[in-house]
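S.K.: Have a look at the structure that comes next, please.
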Amino acid sequence: MEPVVYVKDLQKVYELGESERVTALGGVDLKIESGEFVAVMGPSGSGKSTFMHIVGLLDEPTSGIYRFEGSDASALTADERADIRSRRLGFVFQSYNLLSRTTALENAELPMIYSGVPEADRRRIALEKLAIVGVESLRDHAPNQMSGGQQQRVAIARSLVNNPGLILADEPTGALDTKSSKEVMELFTRLNREEGITILLVTHEPEVAAYAKRIITFRDGLVVSDRLRHGEPVESGKVAA
């Protein structure tokens, strides 16, 4: 089976002027297999967010190879990239990104509207995913009627409705208190363990990364550490000296 994510010598360089260049990724080799729960860590400017944007087909590398579920991302048209984002990728953000005048149920349905799922099926699937994350009782609540932790659960339900091959979570606990952060991370852990969902999570908090089975650390655009939670190195990528 093809890895969910395969990158080889992935590089991203930003041209800031005629003579100024910033290297966000300096040659990254990684594989993420189906069913993994991976945390990506690193200081500001380390390349972790750039890496996630490329994996999420929101940005393109300057050079190197990126294959998502076996498909060469460089060969995809803009429409094909958008189609994969809507059908095979789920996104969870720090700020939830829920529509403010829309109920939890309607927010969860949104990705299925874009992917053309019939209305009756949308409602059934959205309710099923809201139940999985524990907020089915809030189906008719607007975001301003929910706590931050409840809003993030709705956002996670929304990321699940199209049965994606990968969920990308960008600082998903960054706006939450300690109790809500713990509940959200326990939810991700359960989704990975019981539903077999592949998760790639970006965080700067070691206590959040500790929930993942594998922790990858970036610094200066390179992978400097790739280890399982208990410390064993992962033989899947080039590690900088």
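The values are calculated or read from the model by the stated rules, or taken from the named source; none is laboratory data. Everything numeric here is computed off the predicted structure, so don't read it as measured data. Cβ placement follows ideal geometry from the backbone for every residue including glycine, while neighbour counts extend to all protein chains displayed.
S.K.: Can you find a residue that is in a loop (DSSP other than H, G, I, E, B) and either modelled with pLDDT of 95 or more or of a type in the set (A, V, I, L, M, F, W, C) (or both) anywhere in the range 85-101?
M.R.: Looking for residues that are in a loop (DSSP other than H, G, I, E, B) and either modelled with pLDDT of 95 or more or of a type in the set (A, V, I, L, M, F, W, C) (or both), one finds at least one in the range 85-101, hence yes.
S.K.: Out of the range 204-223, which residues are surrounded by 15 or more Cβ atoms within 10 Å (Cβ to Cβ) and either out of contact with any Lys or Arg (no Cβ under 9 Å at 6 or more places or on another chain) or among the aliphatic types (A, V, I, L, M) (or both)?
M.R.: Answer for the range 204-223, where residues must be surrounded by 15 or more Cβ atoms within 10 Å (Cβ to Cβ) and either out of contact with any Lys or Arg (no Cβ under 9 Å at 6 or more places or on another chain) or among the aliphatic types (A, V, I, L, M) (or both): 208, 209, 212, 215, 216, 219, 220, 222, 223.
S.K.: How about the range 180-203: which of its residues are among the β-branched types (Val, Ile, Thr) and in a loop (DSSP other than H, G, I, E, B)?
M.R.: Correct list: 197, 198, 203.
S.K.: Six or more apart or on different chains, Cβ under 9 Å: which pairs go from a residue in the range 66-77 that's polar (S, T, N, Q) to one that's crowded, with 16+ Cβ neighbours inside 10 Å and assigned to a helix (DSSP H, G or I)? Could you list them?
M.R.: Within 9 Å, the pairs are 71/84.
S.K.: Right, next: From the residues in the range 172-192 that are more than 17 Å from residue 154 (Cβ to Cβ) and in contact with a Phe, Trp or Tyr (Cβ under 8 Å, 6 or more places away or on another chain), which one is surrounded by the most Cβ atoms within 10 Å (Cβ to Cβ)?
M.R.: In this case the residue turns out to be 192.
S.K.: Here's a check for you: in the range 64-84, which residue that is of a type in the set (Gly, Ala, Ser) and in contact with an Asp or Glu (Cβ under 7 Å, 6 or more places away or on another chain) is modelled with the highest pLDDT?
M.R.: Result: 64.
S.K.: Can you tell me which of 49, 63, 100, 95 is closer than 15 Å to residue 168 by Cα, in contact (Cβ under 8 Å) with a residue 12 or more places away in the chain, among the hydroxyl-bearing types (Ser, Thr, Tyr) and surrounded by fewer than 15 Cβ atoms within 10 Å (Cβ to Cβ)?
M.R.: Of 49, 63, 100, 95, the one residue that is closer than 15 Å to residue 168 by Cα, in contact (Cβ under 8 Å) with a residue 12 or more places away in the chain, among the hydroxyl-bearing types (Ser, Thr, Tyr) and surrounded by fewer than 15 Cβ atoms within 10 Å (Cβ to Cβ) is 95.
S.K.: Pairs please, first residue from the range 166-181 and closer than 18 Å to residue 90 by Cβ, second anywhere and among the acidic types (Asp, Glu), Cβ atoms under 8 Å, 6+ apart in sequence or on different chains.
M.R.: Taking only residues 6 or more apart or on different chains, the pairs are 173/205.
S.K.: Just to check your reading of the model, which residue among 119, 128, 109 is of a type outside the set (Ser, Thr, Tyr), modelled with pLDDT under 95, farther than 21 Å from residue 52 by Cβ and touching a helix residue (DSSP H, G or I) at 6+ places or on another chain (Cβ under 9 Å)?
M.R.: 119
S.K.: Could you list, in sequence order, all residues of the range 2-11 that are at negative phi and loosely packed, with under 15 Cβ neighbours inside 10 Å?
M.R.: Passing the criteria: only 2.
S.K.: Then there's this: Just a yes or no: is a residue in the range 12-24 of a type in the set (S, T, N, Q), surrounded by fewer than 19 Cβ atoms within 10 Å (Cβ to Cβ) and under 20 Å from residue 212 (Cβ atoms)?
M.R.: No, the range 12-24 contains no residue that is of a type in the set (S, T, N, Q), surrounded by fewer than 19 Cβ atoms within 10 Å (Cβ to Cβ) and under 20 Å from residue 212 (Cβ atoms).
S.K.: Right, next: Could you tell me which numbered condition residue 75 fails, if it satisfies all but one of (1) surrounded by fewer than 19 Cβ atoms within 10 Å (Cβ to Cβ); (2) touching a helix residue (DSSP H, G or I) at 6+ places or on another chain (Cβ under 8 Å); (3) among the aliphatic types (A, V, I, L, M)?
M.R.: (2)
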